[in-house]
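Some notes on the structure that comes next.
The values are calculated or read from the model by the stated rules, or taken from the named source; none is laboratory data. Note that this is a predicted model, so its numbers are computed, not measured. With ideal geometry, Cβ positions are generated from the backbone for all residues, glycine too; neighbour counts draw on all protein chains shown.
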Amino acid sequence: MTCFEGATLIDGKGNSFVANLLIEEDRILRILKDEECPKDVETIDCKGKYILPGLINSHVHICADPTKDFGDRPAFSDAKRAFIGLKNLQSHLRAGITFVRDLGGYNFVELELRDAIKNGDFQGAEMIGSGQCITMTGGHGWTHGREVDGVDEARKAAREQFKAGADLIKVMATGGVMTPGVEPGASQLCQEEMAAAIEEAKKRGAKSATHAQGTQGIKNAILAGVDSIEHGIFLDDEVISMMVERGVVLVPTLVAPYYIVQMGEEAGIPSYAVNKAKSIMEAHKESFRKAVEAGVKIAMGTDSGTPFNQHGSVVQELIFMQRGGLSPMEVLEAATYKAAELLSIEKNYGSLEEGKRADFLILEQNPLEDLRALETPTVYKKGKKVII
Ligand SMILES: [Zn+2]
């Protein structure tokens with residue numbers, strides 16, 4: 001047992017208080033608010049420091065290389081993808097992201113990685129994944145997705161993902177930035193196709209996410225019963241109130257177009273992607289601001305793996321979320337407990353509570369004053385200090 005003494009705990013559910021945190025093996029045994037650390041256990045002095053749950057990134061592409069995967073580049077072999085993915089899971093963990101959700105993998109390599117981490121074969125962030133994204137023929141993400149046309153094929157594709165071990169599914173409701181020849185604002189899979197795939201997920205008690213940027217496509221996905229809108233670039237008032245009513249979560253990924261525009265064609269990103277990213281950035285920010293104001297549930301996700309959107313980099317996204325209207329405490333909730341709920345892992349992860357997994361970060365500075373305090377965390381995974 002180890003007792004972390006005297007830190008301010010930020011619990012992931014909107015509370016902060018000074019307490020002693022008693023860890024037994026991989027679990028939080030007790031949170032001692034008015035009691036001293038037990039005399040007979042190892043004690044680590046954390047007075048003046050801050051402890052919060054390990055962060056959860058709800059949208060990554062773990063096997064994508066942000067310096068090379070620019071949409072129209074040659075594909076890597078599965079073996080190469082596995083090495084890229086493992087390195088990326090380690091980068092996330094080192095940065096304090098102890099759990100990720102992959103939303104668009106490559107030939108199920110990422111699901112093998114998920115299992116290897118779970119089995120303890122390697123150190124890295126834990127993961128759940130959607131398998132291949134389900135898209136229409138020639139639709140967004142088709143180069144590594146499962147192309148479907150029609151209700152029956154969409155249903156079959158969902159069943160294939162679960163057969164391969166996926167934890168959830170991802171359907172593509174609209175075009176996007178990184179695939180050439182598709183438009184972010186244009187609808188893609190139709191409502192009936194998405195509904196069939198989502199029904200297969202619901203039958204298993206699994207969730208569904210959608211890449212959805214244009215307003216009509218977002219609406220189609222909500223009506224099809226989806227759990228989370230990824231990106232949500234063109235949200236109007238009607239869509240926002242539908243999300244609030246149905247408890248649909250927004251995963252904004254505000255940094256994804258930002259890095260594409262910042263690095264530009266000079267860095268090798270194709271001009272079609274740079275131009276599309278430029279054209280949507282303002283609407284993206286405005287939609288996020290409106291969603292926050294209306295009380296849409298937000299979970300943090302970065303879309304790591306898109307151009308120059310590095311795995312393990314998260315602070316910029318948190319700062320953009322704060323600029324969009326969330327308080328630092330709300331940003332941290334979106335990156336911990338609310339994300340855990342979206343991933344259906346909240347029984348074990350996402351907050352500092354007795355009985356939960358001892359995944360936590362120790363910070364020298366107060367993140368509620370400045371989120372940049374998260375740039376240099378000391379990371380604990382399953383009760384052990386991370387050294388990788
Ligand atoms: Zn993505």
Checklist entry - In the range 72-80, is there at least one residue being more than 16 Å from the ligand (Cβ to nearest atom), of a type in the set (Phe, Trp, Tyr) and part of a strand (DSSP E or B)? => result no
Expected single match for more than 25 Å from SER304 (Cβ to Cβ), free of Cβ contacts under 8 Å to residues at least 24 places away in the same chain and away from the ligand (no atom under 16 Å from the Cβ) among LYS118, LYS156 is LYS156
Only one of VAL261, VAL239, VAL171 is within 16 Å of the ligand (Cβ to nearest atom) and either touching a strand residue (DSSP E or B) at 6+ places or on another chain (Cβ under 8 Å) or hydrophobic (A, V, I, L, M, F, W, C) (or both), namely VAL171
Scanning the range 290-316 residue by residue, the ones that are within 13 Å of the ligand (Cβ to nearest atom), out of contact with any strand residue (DSSP E or B) (no Cβ under 8 Å at 6 or more places or on another chain) and of a type outside the set (Ser, Thr, Tyr) total 2
Quick check: is even one residue across the range 21-34 at pLDDT 95 or above, surrounded by fewer than 17 Cβ atoms within 10 Å (Cβ to Cβ) and farther than 14 Å from PHE4 by Cβ?
-> yes
The residue that is modelled with the lowest pLDDT, considering only those in the range 98-115 that are of a type outside the set (Val, Ile, Thr) and either more than 16 Å from the ligand (Cβ to nearest atom) or in contact with a Phe, Trp or Tyr (Cβ under 6 Å, 6 or more places away or on another chain) (or both), is ASN107
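Residues are listed down the side, and each one gets a yes or a no for (1) in a helix (DSSP H, G or I); (2) among the polar types (S, T, N, Q); (3) out of contact with any Phe, Trp or Tyr (no Cβ under 6 Å at 6 or more places or on another chain); (4) touching a residue at least 24 places away in the same chain (Cβ under 8 Å):
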residue: GLU230; (1), (2), (3), (4): no, no, yes, yes
residue: GLU238; (1), (2), (3), (4): yes, no, yes, no
residue: MET242; (1), (2), (3), (4): yes, no, yes, no
residue: TYR258; (1), (2), (3), (4): yes, no, yes, yes
residue: VAL261; (1), (2), (3), (4): yes, no, yes, no
residue: GLU266; (1), (2), (3), (4): yes, no, yes, no
Determine whether the range 81-97 contains at least one residue that is under 18 Å from LEU352 (Cα atoms) and within 16 Å of the ligand (Cβ to nearest atom).
-> yes
Of those in the range 165-182 that are at pLDDT below 95 and farther than 16 Å from ALA256 by Cα, the residue surrounded by the most Cβ atoms within 10 Å (Cβ to Cβ) is VAL182
So the helices (runs of 4 or more DSSP H) completely within the range 276-378 holding 2 or more residues that are of a type in the set (D, E, K, R) and within 17 Å of the chain's Cα centre (by Cα) are 328-334, 337-342
